[in-house]
Amino acid sequence: MSLRIGNRLFAPPGWGVALAALGLAAFVTLGSWQLGRASEKQALADTFAAGGRQTVDATGLRFHELARYQHVRLRGSYDAGRQLLLDNMPSATGRPGYRVLTPLERADGRGWVLVDRGWVPLGATRAALPEVAVGSEDREVSGILDVLPVPGLRVGPAASPGEAGWPRVLLFPTEADVESVLDTDVESRILLLDAGQPDGFERRWRPALGFGPERHLGYALQWFAFALLTVVLFIALNLRRVGADQESDPS
């Protein structure tokens, strides 16, 4: 492959073309993937914001019939004797602690819901569990539907072997783990209790983004910059001036 441009010759070797094409394809693919992730997270943030604008009366409805982040209200009574503490849950400012999940028996007879009553700090020791008592009277609760927190990498069981007593500490449990501990079926989604509702703890709910779409856009810009740099270097390293003796016609 060669191309004459005035007194310059562009003649990259075959291996150079292949290497540049491979790098360019990789950088463009990574940049496009980051743009896709930014779009997904923006859509999730928009859904979270939209879900709170309209409240649905969930009486008689199962949570899986409703969209994630839908704002709902329903009646029920807490099971104060069988509460769960989700371990390794930082506060909005990064302090270590737990999130308190309290089973709520639905007044409409549709089973059990896990109500996330918010974040509480660690005690002085791991053995000193926080006080999370709550009344069991019938009440109306409202909040946003979400899923159980999911780890980046799941390692080991959710519950420590042989652990008993309540509240029970669990580490990133699945729905099946929760149902096994409570010995009953639960809704597939949990309810994030509204900040204005009583009997809650720290509640600064936000969509589970990890980090926002802006960082993905920044990463995309970096990958596309690498793609552009690959093209510039490929041309610069393979474009050379042709000498006067080479410019003349050898015939």
*Which one of Ile190, Ile144, Ile235 has the biggest mean-square fluctuation once the chain is modelled by GNM with Cα springs under 10 Å?*
Ile235
_Those residues of segment 178-193 whose amide nitrogen sits under 18 Å from the label point placed on Asn88, 7 Å along Cα→Cβ_ = 178
*asked:* Cut-off 10 angstrom, C-alpha nodes, Gaussian network model of the chain. Which of Leu114, Leu239, Leu66 fluctuates the most?
replied: Leu239
*Loop sites only, by DSSP: take the trypsin sites (Lys or Arg not before Pro) in the chain that have at most 11 other C-beta atoms within 10 Å and name the longest stretch containing none of them.*
54-125
*asked:* What does the charge count around Trp205 come to, taking other residues whose C-beta lies under 14 Å from its C-beta (Lys +1, Arg +1, Asp -1, Glu -1)?
replied: +3
*Mind grabbing the accessible area of Thr125 for me, 1.4 Å probe, Å², rounded to tens?*
80
*Which residues make up the longest stretch of the chain that has no GluC sites (Glu not before Pro) in a DSSP loop with at most 11 other Cβ atoms within 10 Å?*
1-130
*Net charge over other residues, Cβ less than 12 angstrom from the Cβ of Thr55 (K, R count +1; D, E count -1)*: -1
*So what is the accessible area of the chain per residue, in Å², with the probe set to 1.4 Å?*
56
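What is the projected area of the convex hull of the Cα atoms of segment 17-73, averaged over all directions, in nm²?
4.9
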*Hey, with R₀ at 45 Å, roughly what FRET efficiency would Ala11 and Val155 work out to, going by the Cβ-Cβ distance, to 0.05?*
0.25
*Rg [Å, one decimal], Dmax [Å, integer] - the chain, C-alpha atoms*: 28.7, 103
*Separation between the Ala208 and Leu44 pseudo-spin-labels, each 7 Å from Cα along Cα→Cβ, expressed in nm?*
0.8
*List the residues of segment 24-39 whose backbone N lies under 19 Å from a point placed 7 Å from the Cα of Leu3 along the Cα-to-Cβ direction.*
24-25
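The values are calculated or read from the model by the stated rules, or taken from the named source; none is laboratory data. All values derive from a computational prediction rather than experimental measurement. Every residue, glycine as well, gets a Cβ built from its backbone with ideal geometry; the counts of neighbours run over all protein chains shown. To get the accessible areas, we keep the full protein, side chains included, count just its heavy atoms, and leave off ligands, DNA and RNA. Shrake-Rupley method; radii C 1.70, N 1.55, O 1.52, S 1.80 Å.
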